[in-house]
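The values are calculated or read from the model by the stated rules, or taken from the named source; none is laboratory data. Keep in mind that this is a model prediction, so the values were computed, not measured. Cβ placement follows ideal geometry from the backbone for every residue including glycine, while neighbour counts extend to all protein chains displayed. These area figures cover heavy atoms from the full protein model, side chains too; ligands, DNA and RNA do not enter into them. Shrake-Rupley method; radii C 1.70, N 1.55, O 1.52, S 1.80 Å.
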Amino acid sequence: MKYYLFLFCLFIAFAGTATAQKNPNELHYTSSQKQLITIYKGQIFVNGNKTYKFQNDNIVYASRRNKLIEDGRSVFLFLEVDGSPNKNRLYVFNIDHSIADSVANAVVSDVKDYDRDGNLEFGGVDLTETYPSADSMYYVPSQFFEIKKGRITLDQELIEKTDIKTNGIYLKDPVGKKVIPKPKKKG
């Protein structure tokens, strides 16, 4: 009995040491296609090849939003990046063979089926400054992407629906700061 207790204590000691030594600035993933993906010090390595380097290592390594999502034969890597002073960003890469190709950059959000159309979406609305007049506001455009048939594309329907909910109207091309009347509160 003492022997088993000794082994148990030894196991706990080694497990605690291994956990304590885990590098907080490193992520590892393996796709179903056996692609080995490592994110370390602001760089993405696929199968040992350095394929992408961030200008600054501002990846939020502890984020629950960092993940691989596979759709068909496509593999997408999602990384949350510090977007200060605005909201954090979600950088998305298509992992193809030994290359990480940047395919989207959106406001950080969960990846889920927001509009119940059977496809996963991500994105949202970033912060904006307040307008000095109480009866007006800056138009705050949203940007949503959809994962569909192994591709990532803009989800125009969800963008329009969100913009109407947020702003009271939808503007097709909101380049620059557009001032609009504040939407009336319903109910």
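With contacts taken as Cα pairs under 8 Å at a separation of at least 6 residues, region 26-180 carries a relative contact order of 14 percent.
Loop-only check: which trypsin sites (Lys or Arg not before Pro) in region 39-85 are DSSP coil with at most 15 other Cβ within 10 angstrom? Don't skip to the answer; put the middle values down first.
Numbers: sites: Lys41, Lys50, Lys53, Arg64, Arg65, Lys67, Arg73; in loops: Lys41, Arg64, Arg65, Arg73.
Answer in residue order: Lys41, Arg64, Arg65, Arg73.
Would you mind putting 92-105, 25-38 in packing order, based on average other-beta-carbon counts within 10 Å, highest first? Don't skip to the answer; put the middle values down first.
Numbers: 92-105: 16.7, 25-38: 13.9.
The most tightly packed comes first, giving 92-105, 25-38.
Positive-end ranking of Val111, Pro141, Ile152 along the dipole of the chain, with charges on Cβ about the Cα centre, is headed by Val111.
Rounded to whole numbers, the Karplus 3J(HN,Hα) couplings from phi for region 41-52 are 6, x, 10, 10, 10, 10, 6, x, 9, 6, 10, 7 Hz, using 6.51 cos²θ - 1.76 cosθ + 1.60 with θ = phi - 60°, and x at Gly and Pro.
Under a 5 Å amide H cut-off, with hydrogens placed 1.01 Å from N, Val60 pairs with Glu80, Val81, Asp82 among residues at least 5 apart or on other chains.
If you count only protein heavy atoms with a 1.4 Å probe, what accessible area per residue comes out for the chain, rounded to a whole Å²? Write down the numbers at each step before the final one.
Numbers: 12320 Å² over 187 residues.
Heavy-atom accessible area per residue stands at 66 Å².
Amide H to amide H, with H built 1.01 Å from N, Asn88 comes under 5 Å of Gly83, Val108, counting only residues 5 or more places away or on other chains. Between the beta carbons of Tyr61 and Ser136, assuming R0 = 45 Å, the FRET efficiency works out to 0.65 to the nearest 0.05. Across the accessible surface of the chain, with the other protein chains kept in place and a 1.4 Å probe, carbon and sulfur atoms take up 54 percent.
Only one item in (i) 31, 20, 15; (ii) 28, 19, 15; (iii) 41, 21, 17 matches semi-axes √(5λ) of the Cα gyration tensor in Å derived from the coordinates shown, and that item is (iii). About its Cα centre, the dipole of the chain is roughly 340 debye, where the only charges are +1 on Lys and Arg Cβ and -1 on Asp and Glu Cβ. Taking 16 Å as the cut-off, the amide N atoms of region 60-80 that come nearer than this to a point 7 Å along the Cα-to-beta-carbon line of Glu26 belong to 61-62.
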